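What follows is a set of notes on a single structure, which appears directly below.
The values are calculated or read from the model by the stated rules, or taken from the named source; none is laboratory data. Owing to the predicted nature of the structure, the values given are computational and were not obtained by experimental measurement. With ideal geometry, Cβ positions are generated from the backbone for all residues, glycine too; neighbour counts draw on all protein chains shown. Please note that ligands, DNA and RNA were not included when accessible areas were found on the heavy atoms of the full protein model with its side chains. Shrake-Rupley method; radii C 1.70, N 1.55, O 1.52, S 1.80 Å.
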Amino acid sequence: MDVVSIKKEILGAIIQHASEDVPLECCGLLMGQGNLISDLRKMKNALQSPIRYSMEPPALLHFFKELRSLQLIHLGIYHSHPSSEAYPSSIDKEQAYYPDCTYFIASLRNPLSPSVRAFSILNETVQEKEIRIID
Ligand SMILES: [Zn+2]
């Protein structure tokens, strides 16, 4: 299994964001250097939906400009599943436009014990990644 490394506080922030936005799906973007995700940007779910998410093009543009000025790499995308498991839906697979990114999904199906899993999605093929948490 491929490995993705993420700072502990960033993983915590993903779960926090997911909890705040229940019953809607939340979404956001992850950046860092090398193979280590060190920062996140919360994004607005333009669809305001409990089962889908979408980011607004101007917000994406802003993110990519910021990325360049910080000299960081776009390493991942996260979103939440408020009431289903932490696994890509068929829509998630269809709309996985970033083959080099790691897709993080936070499930709040069990609100007392949120779970996060990470995947690469290439041509609608899902491969789970091991999440390595860095202090
Ligand atoms: Zn999803």
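Things to note:
- Residue within region 5-15 that is more than 16 Å from the ligand (Cβ to nearest atom), farther than 20 Å from residue 119 by Cα and of a type outside the set (A, V, I, L, M) present: no
- Top-ranked residue of region 20-33 - restricted to ones that are touching a residue at least 24 places away in the same chain (Cβ under 8 Å) and away from the ligand (no atom under 16 Å from the Cβ), ranked as most open to solvent (accessible area, probe 1.4 Å): 33
- Residues (of a type in the set (S, T, N, Q) and surrounded by fewer than 14 Cβ atoms within 10 Å (Cβ to Cβ)) located in region 65-82: 69, 71
- All positions within region 99-127 that are surrounded by fewer than 14 Cβ atoms within 10 Å (Cβ to Cβ) and in a strand (DSSP E or B): 122, 125, 127
- Complete set of residues in region 12-47 that are closer than 19 Å to residue 120 by Cβ and under 10 Å from the mean Cα position of the chain (by Cα): 14, 27, 28, 29, 30, 40
- Single unsatisfied condition, residue 62 versus (1) open to solvent by 40 Å² or more (accessible area, probe 1.4 Å); (2) under 15 Å from the mean Cα position of the chain (by Cα): (2)
- Some residue of region 47-55 being buried (at least 20 other Cβ atoms within 10 Å of the Cβ) and not hydrophobic (A, V, I, L, M, F, W, C): yes
- Looking across region 7-19, the residues that are open to solvent by 20 Å² or more (accessible area, probe 1.4 Å), touching a residue at least 24 places away in the same chain (Cβ under 8 Å) and of a type in the set (Gly, Ala, Ser) come down to 13, 19.
- Among residues of region 40-62 being part of a loop (DSSP other than H, G, I, E, B) and in contact with a Leu (Cβ under 7 Å, 6 or more places away or on another chain), the one that is nearest to the ligand (Cβ to nearest atom) is 53.
- Residue within region 32-39 that is assigned to a strand (DSSP E or B) and in contact with a Phe, Trp or Tyr (Cβ under 9 Å, 6 or more places away or on another chain) present: yes
- In region 71-115, residue farthest from the ligand (Cβ to nearest atom) [restricted to those that are under 12 Å from the mean Cα position of the chain (by Cα) and among the β-branched types (Val, Ile, Thr)]: 102
- Residues satisfying the stated conditions in region 85-98, i.e. charged (D, E, K, R) and in a loop (DSSP other than H, G, I, E, B): 85
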